[in-house]
Amino acid sequence: MSQPAMKMATLDPKVASFLEGAPKRLLINGQWVDAASGQTFETINPATGEVLAHVAEASAADVDRAVEAARAAFERGWGQSKPTHRTRLLLAIADLIDAHRDELAQLESLDNGKPIFESRNIDVPGAAECFRYYAGWPTKIYGETNPSDPVYFSYTLREPVGVCGQIIPWNFPLLMAAWKLGPALACGNAVILKPAEQTPLTALRLGELLLEAGVPEGVVNILPGFGPTAGAAIAAHPGIDKVAFTGSTEVGKDILRASAGNLKRVSLELGGKSPNIVFTDADHDAAVQGALGGIFFNQGQVCCAGSRLFVEERMYDEFTDKVTTFAQQVKLGPPLDPETRMGPLVSQEQFDRVKSYLRAGKDEGAKVGTGGEAATEGALARGYYVKPTVFTGVRNTMRIAQEEIFGPVVAAIPFTDENDAVLQGNATIYGLAAGIWTRDVSKAHKVARALKAGTVWINCYNQMDPTAPFGGYKQSGFGRELGKHSLELYTQVKQVWLRV
Ligand code: NDP
């Protein structure tokens, strides 16, 4: 592991001015307002533990205000707005995100800890592309004419759901906001968005850009706050028609329970423990890079991280040695250093959680190939840094192979053959994603079909695109985001009969 470089990107003056001064406020009905309680909370820089900004803390009373504003906006005309109007707005949002790329990337890296290399090249452009993709949809959401008895004219309309609550996590704050807002707005819904308490800043800056783009008042309301208060109020609110959630499986279950009050529609994108399976006949160099990218991208704080690395037994030692060697070269450092490839974890809580799994792995008898501890060299001691960690000699039943760690920790597990890879790969409560590395095309397709996962990558990993649906099997959730599948989440079908 290399020492932290001292080279830093210069802080964008717009970032500095955004962070300065009075607490950031809630966006309700097109206005920036204080929380009804007057309370605020701190958002912390995970690279230093210092306070970045104070943010208004939404509670149930603010959710009530936002729901009222969203309902009024929806009924006032947004729900019936011209499709081309929504297209223009979504394109304007995408353009504004592009125009503020450096600023948004810095804000994201400061608040979340992810390397600027990633926020600038993946998160921010990805968010713009998501809005741009959904800009194409409003004019292409069709109903159907049904082949009924000719005395009737029978057709369907595909209408927006209404007011949608969207609760997002801290691992891809801006990108998750785009995944949620893009399709919801394309379909004509009004939204209450709750960013995670750890990372509210880019959602708030996005709120400013939405107003600049001309999003009508009340159509998007942004309420930073805490899960058990603001989040729970959204999940239970009788005035909210649909809730979309990305986060832990445990909270996903709470949300499903809370939604029962008014039978909200629910879509859940939850945790994972994804198998990344390497066969001996794979391109080994590509597979090593795929194994590293699969787990160390975003510090491993990725729902579809390839956290279980299955390696065919007969090359297990040789392959895991290579992964270990390369893992030692991953450049850990401050998020704003353009050379950094892994930054700190998002919070003290996540730092403690990951360290507890490092202990659990050792206690269970797994061998530390590399890492296995926090990084404390120089300036890194101030932040929540964990060394890229490879555990070898792991059994699929160990806690580090079954529980979502959400950190830069990979469990390398041997398998004997195709069947064993599938059996072990599927032996988890999760089913979000999987990777397969082989040159044998038939084997690749056979294994892809047999794996119970919402996404399977063959000879690649972590590929994402706004056109490609993403979501889980089993306890990784239900509903598919992205692509045309998101339209199912944000529309409902009305059947109309006319006696001719
Ligand atoms: P959570 O599931 O608690 O957080 C995700 C979002 O849900 C946040 O906005 C959070 O609010 C909100 N939330 C929390 N409790 C409730 C509730 N009762 N009702 C409604 N909303 C709620 O994840 P954590 O931040 O606690 O992370 C814990 C673990 O969850 C991670 O280690 C990881 O394993 C997993 N996780 C998975 C993610 C994924 O992409 N699938 C993303 C994030 C975490 P707030 O944080 O503001 O209080």
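Condition first: farther than 18 Å from Ile436 by Cα and surrounded by 20 or more Cβ atoms within 10 Å (Cβ to Cβ). Now tell me which residues in segment 457-470 satisfy that.
Within segment 457-470, just Pro466 meets the criteria.
Name every residue in segment 268-291 that is touching an Asp or Glu at 6+ places or on another chain (Cβ under 7 Å) and away from the ligand (no atom under 12 Å from the Cβ), in order of residue number. So that I can check it myself, show each step before the final result.
Let us first name the residues in segment 268-291 that are touching an Asp or Glu at 6+ places or on another chain (Cβ under 7 Å), namely 269, 271-273, 278-281.
Answer for segment 268-291, where residues must be touching an Asp or Glu at 6+ places or on another chain (Cβ under 7 Å) and away from the ligand (no atom under 12 Å from the Cβ): Val278, Phe279, Thr280, Asp281.
Under 6 Å between Cβ atoms, which residue pairs at least 6 apart in sequence (or on different chains) link something in segment 259-275 that is farther than 25 Å from Asn396 by Cβ with a partner that is within 11 Å of the ligand (Cβ to nearest atom) and of a type in the set (S, T, N, Q)?
Between residues of segment 259-275 that are farther than 25 Å from Asn396 by Cβ and residues that are within 11 Å of the ligand (Cβ to nearest atom) and of a type in the set (S, T, N, Q), the close pairs are Val266/Ser259.
Among the residues of segment 43-98 satisfying the criterion of being closer than 18 Å to Ile240 by Cα and acidic (Asp, Glu), which is surrounded by the most Cβ atoms within 10 Å (Cβ to Cβ)?
Selected residue: Asp62.
Under 9 Å between Cβ atoms, which residue pairs at least 6 apart in sequence (or on different chains) link something in segment 489-500 that is more than 30 Å from Trp179 (Cβ to Cβ) with a partner that is among the polar types (S, T, N, Q)?
Val496/Ser154; Val496/Thr156; Trp497/Ser148; Trp497/Ser154; Leu498/Ser154
Being free of Cβ contacts under 8 Å to residues at least 60 places away in the same chain and farther than 23 Å from Ile97 by Cβ: is that true of Thr145 here?
yes
Considering only residues of segment 354-369 that are within 16 Å of the ligand (Cβ to nearest atom) and crowded, with 16+ Cβ neighbours inside 10 Å, which is farthest from Lys273 (Cα to Cα)?
Here the answer is Lys355.
I want to confirm something. Restricting to segment 140-157 and keeping residues that are outside any loop (DSSP other than H, G, I, E, B) and aromatic (Phe, Trp, Tyr), which single residue is farthest from Arg499 (Cα to Cα)? Break it down into steps so the answer makes sense when it comes.
Kept after step one, since they are outside any loop (DSSP other than H, G, I, E, B), are these residues of segment 140-157: 140, 145-146, 152-157.
Add one more test, that the residue is aromatic (Phe, Trp, Tyr), and what stays is 152-153, 155.
Numbers: Tyr152: 5, Phe153: 6, Tyr155: 12 Å.
Only one residue tops the list, namely Tyr155.
Is segment 246-258 home to any residue that is more than 8 Å from the ligand (Cβ to nearest atom), crowded, with 21+ Cβ neighbours inside 10 Å and of a type outside the set (Phe, Trp, Tyr)?
no
Between a first residue in segment 286-297 that is assigned to a helix (DSSP H, G or I) and surrounded by fewer than 24 Cβ atoms within 10 Å (Cβ to Cβ) and a second residue that is modelled with pLDDT of 95 or more and charged (D, E, K, R), which pairs have beta carbons less than 6 Å apart while being 6 or more apart in sequence or on different chains?
Val288/Lys322
For segment 121-146, name all the residues that are touching a Ser or Thr at 6+ places or on another chain (Cβ under 8 Å) and farther than 15 Å from Thr467 by Cβ.
Selection gives Pro138, Thr139, Ile141, Gly143, Glu144, Thr145, Asn146.
Counting only residues that are in contact with a Lys or Arg (Cβ under 9 Å, 6 or more places away or on another chain) and not in a strand (DSSP E or B), which one in segment 298-327 is surrounded by the fewest Cβ atoms within 10 Å (Cβ to Cβ)?
Among them, the one singled out is Gln301.
Considering segment 354-373 alone, what residues qualify as being in a loop (DSSP other than H, G, I, E, B) and more than 29 Å from the chain's Cα centre (by Cα)?
Once the filter is applied, which keeps residues that are in a loop (DSSP other than H, G, I, E, B) and more than 29 Å from the chain's Cα centre (by Cα), segment 354-373 yields Glu364, Gly365, Ala366.
Please determine, by comparing only the residues of segment 395-433 that are crowded, with 17+ Cβ neighbours inside 10 Å and β-branched (Val, Ile, Thr), which one is nearest to the ligand (Cβ to nearest atom).
Only one residue tops the list, namely Ile405.
What do you reckon, is Val346 among the β-branched types (Val, Ile, Thr), within 16 Å of the ligand (Cβ to nearest atom), under 25 Å from Gly247 (Cβ atoms) and assigned to a loop (DSSP other than H, G, I, E, B)? Please lay out each step first, then the result.
Values: among the β-branched types (Val, Ile, Thr): yes; within 16 Å of the ligand (Cβ to nearest atom): yes; under 25 Å from Gly247 (Cβ atoms): yes; assigned to a loop (DSSP other than H, G, I, E, B): yes.
Spelling it out, Val346 is indeed among the β-branched types (Val, Ile, Thr), within 16 Å of the ligand (Cβ to nearest atom), under 25 Å from Gly247 (Cβ atoms) and assigned to a loop (DSSP other than H, G, I, E, B).
The values are calculated or read from the model by the stated rules, or taken from the named source; none is laboratory data. Note that the coordinates shown come from a computational prediction; the quantities given were computed from them, not determined experimentally. Quick reminder, even Gly has a Cβ in these numbers, built from the backbone with ideal geometry, and neighbours come from all protein chains shown.
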